[in-house]
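So the structure is just underneath, and the comments pick up after that.
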Amino acid sequence: MVLGRINGLFGVSGWVKVYSYTRPARNLIEHDQWLIGRQGDWRPFRVLAARNQAKTLIAQLADPSDRPVADRDGAAALLECDIAVPRAVLPEPEPGRYYWFDLMGLDVVTREGTSLGRVASMMETGANDVLVVDGERERLIPFVMDEFVDAVDLEAGRIVVDWDPDF
């Protein structure tokens, strides 16, 4: 499951800046084994060290041969790569809570059964998370349980919402 992205370089010793999709952001660096890649081409890396640096996360990594990424050029090869961990290492979410990646691709239907499309992505607004639903047009639906979202059925691959299809 993709949990972050390498989005910058830190210093000249091979450290990288990391953007975490987890909340809190520090959760990403609690994992000591990452899969790093682009477009499904994943390679295992070991996290040698990681920490907060001002408002960003930084990490020093070891490549699949367990050699540290020791310089800026080696780290630059990882820029804009996704960071993933196997789903099996993540704790099960509490009842009524969901990992965003578990919601991606789910069908979104109204209470009356009208299809609105599929979850294409999620957005964080500060007030609440928002489903970005692609159908005949894009819709932004607040992910607020018992107000706009009636049910999430991961096994059926469906989210039921209280939403006007014309909106």
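Observations on the model:
- Those residues of the stretch 99-118 which are of a type in the set (Gly, Ala, Ser) and either touching a Ser or Thr at 6+ places or on another chain (Cβ under 6 Å) or free of Cβ contacts under 8 Å to residues at least 12 places away in the same chain (or both), in sequence order: Gly113
- Entry remark, the stretch 146-156: residues being surrounded by 13 or more Cβ atoms within 10 Å (Cβ to Cβ) and either acidic (Asp, Glu) or within 20 Å of the chain's Cα centre (by Cα) (or both) number 2 in total.
- Residue match in the stretch 34-48 (condition: in contact with a Pro (Cβ under 7 Å, 6 or more places away or on another chain) and either β-branched (Val, Ile, Thr) or modelled with pLDDT under 95 (or both)): no
- Single residue of the stretch 9-58 satisfying the filter (assigned to a loop (DSSP other than H, G, I, E, B) and among the aliphatic types (A, V, I, L, M)) that is farthest from Val89 (Cα to Cα): Val12
- Flag for Gly105 being touching an Asp or Glu at 6+ places or on another chain (Cβ under 7 Å) and either at pLDDT 95 or above or on the phi > 0 side of the Ramachandran plot (or both): no
The values are calculated or read from the model by the stated rules, or taken from the named source; none is laboratory data. Worth saying up front: this structure is predicted, and the values here are computed from it rather than measured. Please note: Cβ atoms are built from the backbone with ideal geometry, for glycine as well, and neighbour counts cover all protein chains shown.
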